[in-house]
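No value in this document is a laboratory result; all are computed from the given coordinates. Treat the numbers as computed from the prediction; the structure is a model and nothing was measured. Quick reminder, even Gly has a Cβ in these numbers, built from the backbone with ideal geometry, and neighbours come from all protein chains shown.
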Amino acid sequence: PHTPRPDSYAALSSPVAVEDRLYGLMAGRFPDSDAARIEQARRLFSQGRAAEASKILSSIPGEAGAIARLQYGDQYRSVPLALNLAATYSSSPAALDAVLSTLASTGTWDRFKEILDRTAKAGIETPRSWFWSVLAMTLDGDLEGAAAAIRAGGPASSGYAGALDLGIMELAASRPTAAIDASMIAVGMARSDEEMTRAYLLLGDACVASG
C-alpha cells in the first residue's frame with residue numbers, strides 16, 4: 001500500500017499527526033504541569049504506545065504519578081505496582097480504587113479480596129465501593145445477585161472491569177443478549193489492545209451463545 005511522504009499534506013493532516021501537534025503544543029505550554037503530562041501519557045497508552053507513556057510518567061511524583069503509572073504504564077508490571085501503591089497510599093480512596101481495578105482486571109483475586117477486606121474494615125469508601133462489593137459477591141458464587149446489582153448501578157459507571165465482569169456473569173447465567181450489551185460497553189471502554197481483545201473475545205462468545 002502507498003505510504004505518504006512524512007512532509008506531504010496527507011501525512012501532516014492525518015488525525016494522528018494533528019493530535020500529535022496539539023499535544024506537543026500542550027506539553028510546550030505547560031511543561032511543569034503533571035496533569036498535562038498524565039493526559040499525554042493516557043493518550044499514548046490508548047494508542048498502544050505504552051513505552052512512551054511510561055517514560056513520561058516516570059518523573060511524576062506523589063500519589064497522582066503512582067496512580068497514573070499503574071493505569072497507563074507498563075502493564076506487565078501492573079500487579080506489583082498495584083500492591084506497592086496499596087502499601088504506600090493505604091488510606092487513599094483514589095489509590096485503593098485504582099488498585100482494586102487493576103487486581104480485578106488481571107484476575108488476582110486473592111490479593112483483591114485481601115485489600116477489599118482491609119479497605120472495608122478501615123471504613124474507606126472508594127469511588128466504586130459498591131462495585132467492588134458486588135464483585136466480591138461474584139467470587140462467593142452469587143452470580144444472580146451480583147449481575148442484578150451491576151445492572152442497577154449501571155455497568156458503564158463501574159468502568160471497563162465492571163462491564164467485562166458483568167458480561168461474563170450474564171453469559172454464565174445464560175443471558176447472552178445481556179452479555180452482548182455488556183461486552184459492547186467493555187469494547188468501548190477498553191484502554192489498550194489487550195483489554196479490547198478480551199472484550200471482543202467475550203463478545204464473540206456471547207454472540208455464539210445467542211445463536
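May I have the convex hull volume per residue, in Å³, for the Cα set of the range 56-200?
Values: hull volume 14.7 nm³, N = 145.
That works out to 102 Å³ per residue.
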Legend entry - Calculated log₁₀ intensity ratio I(q)/I(0) where the Debye formula runs over C-alpha points of the range 28-135, q = 0.10, 0.21 Å⁻¹: -0.29, -1.06
Legend entry - Taking N as its residue count, the alpha carbon Rg of the range 117-211 over 2.2 N^0.38 Å: 1.08
Inset, instruction - Report the net charge of residues surrounding LEU143, where surrounding means a beta-carbon distance below 11 angstrom and charges are Lys +1, Arg +1, Asp -1, Glu -1. - result: -4
